[in-house]
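The values are calculated or read from the model by the stated rules, or taken from the named source; none is laboratory data. For clarity, every value in this text was computed on a predicted model and none was experimentally measured. Glycine gets a Cβ as well: all are built from the backbone with ideal geometry, and neighbour counts include every protein chain shown.
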Amino acid sequence: MPKNNKIIDNLNLLKNEIKEACNISKRKGDSINLVAVSKTIESLYICEAAKYGQISFGENKVQEAKKKWPQIKKLYPKTRLHMIGPLQSNKVKEALQIFDVIETVDREKIVVELKKNIKKYQYFPDLYVQINIGEEKQKNGCSPVEAKSFINDCFSYGLNITGIMGIPPFNTEPAPYFALLTKIAKESHLNNISMGMSNDFKKAIYLGATSIRIGTKIFGERETNKS
């Protein structure tokens, strides 16, 4: 498990790396939203990061988020929680109650469930479409070829899609996939591009990311499902 002071040190180092990457890319440092991936991380350590000023966090599972985040949000109401894992249609209602951003809208079944609930909540999360940029069978997301059409379908359902998200294939050069995601975002007139993780976020920033999802470099290696 991570140590509290180590988390703060890690955040400081990471922010310096982000600043350097932005300088190289001729971008403003505040143009990058750092999402601290807190899946499997205990509330104690999440709160330490939030206390230090970290705003955005990412969780993969609705049930885990429901257990941890109501209390964290009471203590740190400025925090914003991103859903970055696959979303099941039967979990949409619960997800709408806890997440501020849902980054994994990827198929019609999810769109329909979101549409059903759009008028039931005073505050509705920001929505990103997840794109399977490597077209991998084991990963969620709509295909790059169908992305623009799917995004338009989401708009026709009344959903306000504000960004896209993607994960390049493991152990491959990520740059072409990041470039593809940025191209789709521009063609769809979307400003938010969520891409880049601990091992490749500098390239993601250079190629247009507005949001990066970092877990290991903040909280250390996880005991299970290390990523």
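Could you tell me which residue of segment 40-70 is nearest to ARG213 (Cα to Cα), considering only residues that are among the polar types (S, T, N, Q) and over 16 Å from the mean Cα position of the chain (by Cα)? Taking the candidates together, the pick is SER43.
Of all residues in segment 104-129, those that are in contact with a Phe, Trp or Tyr (Cβ under 6 Å, 6 or more places away or on another chain) and under 13 Å from ASP153 (Cβ atoms) total 2. Flag set for PHE155, criterion: farther than 21 Å from GLU17 by Cβ, surrounded by fewer than 21 Cβ atoms within 10 Å (Cβ to Cβ), out of contact with any Asp or Glu (no Cβ under 7 Å at 6 or more places or on another chain) and at pLDDT 95 or above.
Scanning segment 102-116 for residues that are under 15 Å from ALA147 (Cα atoms), of a type outside the set (S, T, N, Q) and under 14 Å from the mean Cα position of the chain (by Cα) yields GLU103, VAL105, ASP106. Scan segment 134-152 for residues that are at pLDDT 95 or above and of a type outside the set (Gly, Ala, Ser) and the total you get is 8. For the residues ASN5, ASN16, ASN10, the requirement of being surrounded by 13 or more Cβ atoms within 10 Å (Cβ to Cβ), in a helix (DSSP H, G or I) and more than 15 Å from the chain's Cα centre (by Cα) singles out ASN10. Screening ALA175 with (1) under 23 Å from LEU87 (Cβ atoms); (2) out of contact with any Leu (no Cβ under 6 Å at 6 or more places or on another chain); (3) surrounded by 14 or more Cβ atoms within 10 Å (Cβ to Cβ) gives one miss only, at (1). Of all residues in segment 205-219, those that are over 10 Å from the mean Cα position of the chain (by Cα) and either more than 18 Å from ALA175 (Cβ to Cβ) or among the small types (Gly, Ala, Ser) (or both) total 7.
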